[in-house]
Amino acid sequence: MDGEAQNESVACEKATLAPVDRLRSNRAESPTPGLVEGTEPGAVQKSAFFAHAQSFEDLTAEAEEKAEQEGVVEDSGQTEDELQVLVGERTITEQHAQDVSPQSRSKEEDMSSEAWRSHRKHVFVLSEAGKPIYTRYGSEEALSSTMGVMMALVSFVESDKNTIRSIHADGCKVIFLAKSPLVLVGVSQTYQSDKELLRELQYIYYQIVSLLTLTQLNHIFQNKQNYDLRRLLAGSEYLTDNLLHRLDRDPGLLLSAVTCLPLSNSVRDVVSSSLQAAKAKNLVFSILLAGDRLVTLVRKKDQFLHHIDLHLVMNLVGSSSSFREGEGWTPICLPKFNTAGFFHAHISYLESASDLCLILVSTDREDFFNMSDCKQRFLERLTKRTAYQALKEALKCPSYSVEQVGIPELRHFLYKSKSSGLYTSPEFPELYQSDEEQERLMGLYQDLHSHLHHPVRPLRFFYRCTNKENLLAWVTNGFQLYLCFSPLGTKAMAVSAVNKLLKWIRKEEDRLFILSPLTY
Amino acid sequence: YRLAGTYPGMASGMQEKQYTPSLLSFFIYNPTFGPREGEEEKKILFYHPSDVEKNEKIRNVGLCEAIVQFTRTFCPTKPAKSLHTQKNRQFFFEPENNFWVVMVVRNPMIEKLNKDGKTQTIEYQEEEMLDTVYGAVVRQCYSMYKLFNGTFARAMEAGGVELLMQKLEKFFYKYLQTLHLQSSDLLDVFGGISFFPLDKMTYLKIQSFVNRVEESLSLIKYTAFLYNDQLIWSGLEQDDMRILYKYLTTSLFPRHTEPELAGRDSPLRPEVTGNLLHYGRFLTGPLNLKDPEAKFRFPKIFVSAEDGYEELHLIVYKAMSAAACFMISASVELNRDFCEQLDSLVGPQLTLLASDICEQFTVNRRISGPEKEPQFKFIYFNHMNLAEKSTIHMRKTASVCLTSVHPDLMKILGDINCDFARVDEDEEIIVKAMTDYWVVGKKSDQRELYVILNQKNANLIEVNEEVKRLCATQFNNIFFLD
């Protein structure tokens, strides 16, 4: 055990340049100080399965070229006919999905009404010709003149060889993102920073690209500038609606990370190796989800799945119940992998009433039966093992309560291991059960996150006392940590809580993280 | 800390050039003045720089109108305040119904020499400016105009659009040259007043001085008393004093540095007036009373009164480091007699008071021990009485504002201030910057305190203790949320 004095120096952690040593034997019980990336609790043992995602810098980075060089994905230079076929194919899956449209889409809302205006966050997508493509609230038709104004503002500023970024009023801001051939506009009454809101718009952009590919999008608008994209996206709006809902709620999207189903290491290893064995020529990623939690992910050697792409897959799966009715086969573009082409995803649940959903991503559109076969082989292998029973058992408690950590003043926390791109967080405590309170807590985390990741004035450490709660955020080379305490807690208590929590996570890391991801 | 303009980058030799934020344009318009197409130019009441082509002016005003109108779609009650673009930021302010004041500031930028050694690439630093700071600068511009001219509506009533345009031109042409956008910071957001710390005895002396003068010269409506550019006494409303204080400390006083300090042959050293009994002199009005040609015209200012505003003569009279402002209704004509009377009454007393205060000040200094570089620097502001105190700013003059900390730290203070402004509750924020400096912000009951600590190896608990000590010694009667 480290001396208490040393533990209390949490806030002045000194990053060393010691070589990254990922051997388990070298993992200290308490990871601070002197922690380097790759030794933090939850760090991966071999190599991560995510394309190395810092936080959101790479959201804007053009990683596409690299993916194209790798050339695993078929090119989608489709002709118009093929496009129609694709769309036809697509809408079948989506028709199934209609039934789970989230919160009744308030399409009929009058945009001059107070109710429409008072939504916390509006999102609009339009074409460069100013044609409406998507609105979160209200109907696109009724908003066509407003969207026309938005486009006019964008092009007016552009005509000065300049780019419009945002408009600010007290308690309200408008953010613009021009992503040719689309323009995205967010109107927010939250306290989120411009950068955070921009990140959310990027997600929406990628959501649309994942349905059509950028190549197709460009193709469509090059042929007909005035094209009404809603014709192609009809029936898919719920995906964007749901993604926006997730952006307000899901810490994973904030942290650029994914959380795992708590599972004993040995069980997870069996599941992973079963999935690893069920490989096929064109299979690139095998993903097993339990709801929104990752059970395991196996990937082709040298191919990485970006967390944004995984979030889009999770959004697709989580948004539609149709996959429960049988095996789904759907084209999906993973825009952070390659904006030019489609992958084809085989999506099915292991058992009809189970939360375990298997996604097999192939490069070949004719691969349905091969993927179906992979799934069968995986299931056969897995069901023979006792691990399957243990996995199903683990589904019964997919999360944990903060009380298990044993720090009385601690209400909630988020912990992200940087090298693995995975995070862990307890369920929301009683105080934050209502939708408003959960969104408020998420808002506090978003706030901490944007302070620590300020584009030009990043911070190492942030502590805030308010009447409702005390918050602490800390970012190091190895991890990010966000804690929410009762307002009665002291600073000394907060400092010792950080140490205690890090030790607890280290102790539990086998269950909470995927330490040894596999490749085919 | 860089002062102004440009400097060649240090790290990369002469490859980089850094540009600080600079004023691109400043204009005032009223959309109701040229509602018909083809009449748009009539909306524009003032435009700087004036040599911009007419169509360009109309275009830029048009963009502002569109932004304001568009923002109303989403928040009808809260007007647009700023527009961010890659190259610049625009700040909007509607001080009077339909009158819009707009300031366009170019983002700071870095000019980099390309590898070919000939061409340059410009990189705009879009996140360097704080909206709160420049929004405050625009509001200050208007307040300063109003201090010397009254409201826009007043000019409209008196002489229509033409008079208003004349007044705007006359005022802003000069005023905009004195804007120093690169050194604007949190202090502009507060717009506070620095008070001179004083013992009770000396304070009472000053109060009785003010009473005596006001009694003898009954024309005087209001008096303000400053020492060392810090306020001691004011009879004006807070908001009026705030802008007058800004004018005195950043414009008038710096233009009249102490003649006692100027060299013997300096042109600043006035003619020896023959009056060796006191050091009093007028900073406004007659430069030399003995001069038979002397003019007895004083600047006019507008302050709030029960029925709107009142117009006053502003007399600023100074002896050594003590300055007294006397305000007299503008309807009275001031003449030589009055000025001589004032000079002979106020001059000797003010000289005496100035040396009293000075003595008191040095005694206090000696008690508090030799000046040691403290481990912390702070800014304090009280919203209730506008009191401001900064140990970060070494000197604030018309041209430069010298701060003793890195500009990034100042901006972190600004960021924390923005957080505080969101809710009306007491809060505390402690952050550690990438440079390992600790910054602490405390808000309690209308008071804000920001501390920068230079103890890089301290932890949260030690930082907390340090700030507690500071509060106990510097602000012993103020309660801060622990």
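Per-residue answers, yes or no, for (1) within 17 Å of B:Gly135 (Cβ to Cβ); (2) more than 10 Å from chain A (Cβ to nearest Cβ):
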| site | (1), (2) |
| --- | --- |
| B:Glu65 | no, yes |
| B:Arg72 | no, no |
| B:Pro76 | no, no |
| B:Lys81 | yes, no |
| B:Thr85 | yes, no |
| B:Arg89 | yes, no |
| B:Pro95 | yes, yes |
| B:Asp116 | no, yes |
| B:Glu123 | no, yes |
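Of all the numbered requirements in (1) in contact with a Ser or Thr (Cβ under 9 Å, 6 or more places away or on another chain); (2) touching a residue at least 60 places away in the same chain (Cβ under 8 Å); (3) polar (S, T, N, Q); (4) over 16 Å from B:Leu186 (Cβ atoms), B:Gln446 misses one, and that requirement is (1).
Condition check ((1) within 14 Å of B:Leu217 (Cα to Cα); (2) among the charged types (D, E, K, R)) across all residues:
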position: B:Leu314; (1), (2): no, no
position: B:Lys318; (1), (2): no, yes
position: B:Ala323; (1), (2): no, no
position: B:Val332; (1), (2): yes, no
position: B:Asn335; (1), (2): yes, no
position: B:Phe338; (1), (2): yes, no
position: B:Leu342; (1), (2): yes, no
position: B:Ala354; (1), (2): no, no
position: B:Glu359; (1), (2): no, yes
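Scanning the range A:156-166 finds one or more residues that are facing chain B (nearest Cβ under 9 Å), part of a strand (DSSP E or B) and either of a type outside the set (Lys, Arg) or under 22 Å from A:Met111 (Cα atoms) (or both). With respect to A:Gly489, is the statement that it is under 18 Å from B:Ile429 (Cβ atoms) and in contact (Cβ under 8 Å) with a residue 12 or more places away in the chain true? Yes.
Residues are listed down the side, and each one gets a yes or a no for (1) closer than 27 Å to B:Phe148 by Cα; (2) touching a His at 6+ places or on another chain (Cβ under 8 Å); (3) among the small types (Gly, Ala, Ser); (4) at pLDDT 90 or above:
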position: B:Ala294; (1), (2), (3), (4): yes, no, yes, no
position: B:Lys300; (1), (2), (3), (4): yes, yes, no, yes
position: B:Ala305; (1), (2), (3), (4): yes, no, yes, no
position: B:Ile315; (1), (2), (3), (4): yes, no, no, yes
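Among residues of the range B:412-423 that are in contact (Cβ under 8 Å) with a residue 40 or more places away in the chain, those with a Cβ under 6 angstrom from a residue that is not in a helix (DSSP H, G or I), sequence gap 6+ or separate chain, pair up as B:Leu413/B:Tyr450; B:Gly414/B:Leu130.
Starting from residues that are hydrophobic (A, V, I, L, M, F, W, C) and over 22 Å from the mean Cα position of the chain (by Cα), keep the ones in the range A:194-237 and report whichever is surrounded by the fewest Cβ atoms within 10 Å (Cβ to Cβ). Among them, the one singled out is A:Ala234. Going through (1) among the small types (Gly, Ala, Ser); (2) closer than 27 Å to B:Asn464 by Cα; (3) surrounded by 17 or more Cβ atoms within 10 Å (Cβ to Cβ) one by one, A:Ser419 falls short only on (2).
For B:Val101, the conditions (1) touching a helix residue (DSSP H, G or I) at 6+ places or on another chain (Cβ under 6 Å); (2) hydrophobic (A, V, I, L, M, F, W, C); (3) within 12 Å of another protein chain (Cβ to nearest Cβ) are fulfilled apart from (3).
Being under 24 Å from A:Val209 (Cα atoms), assigned to a strand (DSSP E or B) and polar (S, T, N, Q): is that true of A:Thr296 here? So A:Thr296 does not fit the description; no.
The values are calculated or read from the model by the stated rules, or taken from the named source; none is laboratory data. Since we're looking at a predicted model, the values are computed, not measured. All Cβ positions, even for glycine, are placed from backbone atoms using ideal geometry, and neighbour counts span all protein chains on display.
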